[in-house]
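Written out below as structure tokens is the structure these notes cover.
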There are 2 protein chains.
Amino acid sequence: MSVTVRRAAILTVGDELLAGRTINTNAAWLGDELGRHGYNVVRAETIPDDEEEIARTICRLADAADLVVVTGGLGPTQDDLTREGLARAAGVALREDRGLLTQIAERTQHRAQERNARMALVPVGGAAFENPVGTAPGLRLTVAGTPVYALPGPPAELRAVFAGLDLGGAPRSRRILRVYGPHEAELAETLGELLARGGEPEMGVTARGSILTVSITGAGADERAAAVRARLGDHVFGEDEDTLPGVVVATLRERGQSVAVAESLTGGAIADAIVSVPGASDVFCGGVVAYTAKAKYDLLGVPQELLDEAGTVDPRVAQAMANGARARFDADIGVATTGVAGPDPHSGRKVGDGYIAIASAAGTRVIERTGAAPRPIVRRRFTLDALWVLCRGA
Amino acid sequence: MSVTVRRAAILTVGDELLAGRTINTNAAWLGDELGRHGYNVVRAETIPDDEEEIARTICRLADAADLVVVTGGLGPTQDDLTREGLARAAGVALREDRGLLTQIAERTQHRAQERNARMALVPVGGAAFENPVGTAPGLRLTVAGTPVYALPGPPAELRAVFAGLDLGGAPRSRRILRVYGPHEAELAETLGELLARGGEPEMGVTARGSILTVSITGAGADERAAAVRARLGDHVFGEDEDTLPGVVVATLRERGQSVAVAESLTGGAIADAIVSVPGASDVFCGGVVAYTAKAKYDLLGVPQELLDEAGTVDPRVAQAMANGARARFDADIGVATTGVAGPDPHSGRKVGDGYIAIASAAGTRVIERTGAAPRPIVRRRFTLDALWVLCRGA
């Protein structure tokens, strides 16, 4: 083990995690954050809400790592035993922190004071950290020479308290690129040797709902990010927490353009994605979900002869829908989708086949899409494709 | 510990889990399945792809539990060291299984035979289990008197191999109820003593995106499910894998009714949810996302005087939108939403305020909704409320 890489262990506490009622997303989030802070996570364990088990496991992990982060079990109920377990691991008592007690009473509007008073207990020799988005504070205590942090379990609270910690050492530089278009395997091929393990900067790729996230951590992250961008071109749609709809709204706002949508197989998903962005009303006029041929004719003015002749899955229908949306809502840009979401083929077309059209003053473009997949994936691909097209401009 | 509840431990192996590149969904899935098979999961640990660490941890877990399930690290690459670690835990060698070797060679079409041959290695004294959806078989070996199963890490393979195991004992009966409406704390209050820990049947409640799932496991599950239904009434919208949009489509299909939507703050989310259900076209006509006052007037026929006088967040506007959707799409039922999604108040109304209207031949009903929350939560609540109203009938 290199001298500069420090070992961290993660302990998550909670019966609900062991029984599978909750998926442990905190461990992954902490693993990623600790990596960014220069720690190598050597183990992650989950145990029940049991004081003795908590104490014993903290001792073992403190022995095996240079830093231990515990989450969960800091709430006000009798099941929450992490603060007791932490104190026991170090062989110290809990003391009531008057400042915390006042703060907690205020935040809980003096309800259930006796119960909530437990959250003002701090191990002797330890420190408490303010929880800016919740009631239970974070705790720090040294156990057998190793710093142990106990942080609240609700993800938003964990993140907020973690952000306030000083874990020592300078965090490594990090770049996060957000990518849409290639599959994970295609991305690996395109990036090739840049992804090789064990180098500096370290590279990681995660996929979630067709969006790939490329993380670059360590010395040379900026240069590597530029190299990745050079290979992926405009498939890199943003950085950090950017989302495709967020970039669509920001881009249209910058250009002073408005958009309206006409959706068949995406069924409202494009509109929903855009409206999910705060301030979407600056650029979004509205949309029509034209799920039937009749609605395409009635609400979007798609010619009945075209529908009779070509059916609903046709490039000219997509084009007419995009133009119809643009005209109906008096928008600068109209976007339309029509296709076969599945599970059954229709209009003589296969599942996954369809069209995305984008209409503007400059004219109308139609993009063909094919590729069978389960219904939710087909619908998501059309939705993300349409958003990606909007990011790049009409 | 009761004699009938056996202790299980879960070990997941993989650097990608510790670094946070992958969220550990296998542990939750196994926790739930093991619970259903009568096991109490007492710990879940994640460790790196390190032979000695794997061996040492398997030994410790075999000591602490009556069953150990290991996942990950069974692939063909040099990083996959679970089979070596398992053999080492029991102090046995690995032998090549000729039958497996042939099977693997066939499945991999004789590519990379040398590399893939590792997957035909079985610890001496152990057994292999066929992987119906992948190449790496599952393994079983007794370590210090405790059965240890090593299963592939890809979730689909884990599930397929797990399904073929005989873990001893009869799986316990289980009922799953799906609930919308109450918050988790309200549910706990309503169900009260039924949720008490340590009883039979065992009860669990999980919350995901405002939908609560009540699981009831063990003897008397059916009677308990009836008792829960009696207390929660029509807040129980389904069982098992039922979703609100799925129940909406099934209910409307049963009644022979069609629906159209008019969405303002939900912005296409209701339409999207309905269209996500295969066969939605049987009942769904379409919708209008009327995000602006102009669109409410132009496309839905909301009277301009009303919009001028009352603004967009008004019960009469919601009513006119629902009627407009019903008329425009020639549907049996029209549903509409209008309100303040946030982050800023508008039309003189607070974030979270708004209306859901439902129109049918029987007339129009309007439901008022209030309660500040972050934008995504406000939007989700209106969406789910509208779907729940549709489940119960116009």
Just the residues that are of a type in the set (S, T, N, Q) and closer than 28 Å to B:Leu252 by Cβ, please, taken from region B:339-369.
B:Ser360, B:Thr364
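Which of the residues that make up region A:283-297 are of a type outside the set (A, V, I, L, M) and modelled with pLDDT under 95?
At the first step, the residues of region A:283-297 found to be of a type outside the set (A, V, I, L, M) are A:284-287, A:291-292, A:294, A:296-297.
Those that are of a type outside the set (A, V, I, L, M) and modelled with pLDDT under 95: A:Tyr291, A:Thr292, A:Lys294, A:Lys296, A:Tyr297.
Considering only residues that are more than 7 Å from chain B (Cβ to nearest Cβ) and part of a helix (DSSP H, G or I), which ones fall in region A:31-56?
Filtering region A:31-56 down to residues more than 7 Å from chain B (Cβ to nearest Cβ) leaves A:33-34, A:36-40, A:49-56.
If the condition is that a residue be more than 7 Å from chain B (Cβ to nearest Cβ) and part of a helix (DSSP H, G or I), then A:Glu33, A:Leu34, A:Arg36, A:Glu51, A:Glu52, A:Glu53, A:Ile54, A:Ala55, A:Arg56 are the ones that fit.
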Which ones in region A:351-394 are in contact with a Ser or Thr (Cβ under 8 Å, 6 or more places away or on another chain), part of a loop (DSSP other than H, G, I, E, B) and closer than 18 Å to B:Val275 by Cα?
A:Gly352, A:Asp353
For region A:346-361, does any single residue satisfy the condition of being of a type in the set (Val, Ile, Thr), crowded, with 17+ Cβ neighbours inside 10 Å and within 14 Å of chain B (Cβ to nearest Cβ)?
yes
Does any residue of region A:27-45 turn out to be more than 23 Å from B:Pro48 (Cβ to Cβ) and touching a helix residue (DSSP H, G or I) at 6+ places or on another chain (Cβ under 9 Å)?
no
Could you check region B:212-242 and list, in sequence order, the residues that are touching a Ser or Thr at 6+ places or on another chain (Cβ under 8 Å) and either surrounded by 15 or more Cβ atoms within 10 Å (Cβ to Cβ) or closer than 20 Å to B:Arg392 by Cα (or both)?
B:Leu212, B:Thr213, B:Ser215, B:Thr217, B:Gly218, B:Ala221, B:Arg231, B:Leu232
State which residue pairs qualify: first residue within 12 Å of another protein chain (Cβ to nearest Cβ) and inside region A:367-394, second residue among the small types (Gly, Ala, Ser) and part of a helix (DSSP H, G or I) in any location, beta carbons under 7 Å apart, and separation of 6 or more residues or different chains.
A:Arg379/A:Ala269; A:Thr383/A:Ala269; A:Thr383/A:Ala273
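Per-residue answers, yes or no, for (1) at pLDDT 90 or above; (2) loosely packed, with under 15 Cβ neighbours inside 10 Å:
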| position | (1), (2) |
| --- | --- |
| B:Leu67 | yes, no |
| B:Gly75 | no, no |
| B:Glu84 | yes, no |
| B:Leu101 | yes, no |
| B:Arg111 | no, yes |
Do we have B:Gly181 as in contact (Cβ under 8 Å) with a residue 24 or more places away in the chain and closer than 28 Å to B:Pro48 by Cβ here?
no
Among all residue pairs at least 6 apart or on different chains, which show Cβ distances below 9 Å where the first residue, located in region A:30-43, is free of Cβ contacts under 8 Å to residues at least 24 places away in the same chain and the second is of a type in the set (Gly, Ala, Ser)?
A:Gly31/A:Ala8; A:Gly31/A:Ala44; A:Gly31/B:Ala19; A:Gly31/B:Gly20
Taking A:Ala9, is it farther than 20 Å from B:Leu11 by Cβ and at pLDDT 95 or above?
no
Return yes when A:Glu254 is among the acidic types (Asp, Glu) and closer than 30 Å to B:Gly286 by Cβ and no when it is not.
no
Of the numbered conditions (1) more than 20 Å from A:Ser276 (Cα to Cα); (2) within 13 Å of chain A (Cβ to nearest Cβ); (3) buried (at least 24 other Cβ atoms within 10 Å of the Cβ); (4) in contact with a Lys or Arg (Cβ under 7 Å, 6 or more places away or on another chain), B:Leu299 fails exactly one; give the number of that condition.
(3)
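Kindly indicate whether any position in region B:8-16 is part of a helix (DSSP H, G or I), more than 7 Å from every other protein chain (Cβ to nearest Cβ), in contact with a Leu (Cβ under 7 Å, 6 or more places away or on another chain) and in contact (Cβ under 8 Å) with a residue 40 or more places away in the chain. Steps first, answer last, please.
As a first pass, look at region B:8-16 and keep what is part of a helix (DSSP H, G or I): B:15-16.
Next, from what is left, pick out any that are more than 7 Å from every other protein chain (Cβ to nearest Cβ): B:15-16.
With the extra rule that they be in contact with a Leu (Cβ under 7 Å, 6 or more places away or on another chain), the set shrinks to none.
No; the residues of region B:8-16 include none that is part of a helix (DSSP H, G or I), more than 7 Å from every other protein chain (Cβ to nearest Cβ), in contact with a Leu (Cβ under 7 Å, 6 or more places away or on another chain) and in contact (Cβ under 8 Å) with a residue 40 or more places away in the chain.
With respect to A:Ala27, determine if the residue is of a type outside the set (S, T, N, Q), within 8 Å of another protein chain (Cβ to nearest Cβ), within 26 Å of the chain's Cα centre (by Cα) and crowded, with 24+ Cβ neighbours inside 10 Å.
Numbers: of a type outside the set (S, T, N, Q): yes; within 8 Å of another protein chain (Cβ to nearest Cβ): yes; within 26 Å of the chain's Cα centre (by Cα): yes; crowded, with 24+ Cβ neighbours inside 10 Å: yes.
When the stated conditions are applied, A:Ala27 passes them.
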Out of curiosity, is B:Ala325 under 25 Å from the mean Cα position of the chain (by Cα) and either under 19 Å from B:Tyr355 (Cβ atoms) or within 13 Å of chain A (Cβ to nearest Cβ) (or both)?
no
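Identify, please: which residue in region B:127-166 is of a type outside the set (Gly, Ala, Ser), in a loop (DSSP other than H, G, I, E, B) and out of contact with any helix residue (DSSP H, G or I) (no Cβ under 8 Å at 6 or more places or on another chain) and is, among those, modelled with the lowest pLDDT? Steps first, please.
Applying the first criterion (of a type outside the set (Gly, Ala, Ser)) to region B:127-166 yields B:129-133, B:135, B:137, B:139-143, B:146-149, B:151-152, B:154-155, B:157-159, B:161-162, B:165-166.
Those left that are additionally in a loop (DSSP other than H, G, I, E, B): B:130-133, B:135, B:137, B:152, B:154, B:165-166.
From what is left, the residues that are out of contact with any helix residue (DSSP H, G or I) (no Cβ under 8 Å at 6 or more places or on another chain) are B:154, B:165-166.
Working: B:Pro154: 90, B:Leu165: 92, B:Asp166: 87.
Result: B:Asp166.
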In region B:247-283, the residues that are touching a strand residue (DSSP E or B) at 6+ places or on another chain (Cβ under 6 Å), within 8 Å of chain A (Cβ to nearest Cβ), under 21 Å from A:Arg379 (Cβ atoms) and not hydroxyl-bearing (Ser, Thr, Tyr)
B:Val261, B:Glu263, B:Gly267, B:Gly268, B:Ile270, B:Ala271, B:Ile274
Complete set of residues in region A:167-206 that are in a loop (DSSP other than H, G, I, E, B), surrounded by fewer than 17 Cβ atoms within 10 Å (Cβ to Cβ) and among the hydrophobic types (A, V, I, L, M, F, W, C):
A:Ala170, A:Ala196
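The values are calculated or read from the model by the stated rules, or taken from the named source; none is laboratory data. All values derive from a computational prediction rather than experimental measurement. Every residue, glycine among them, receives a Cβ derived from its backbone with ideal geometry; neighbour counts consider all protein chains shown.
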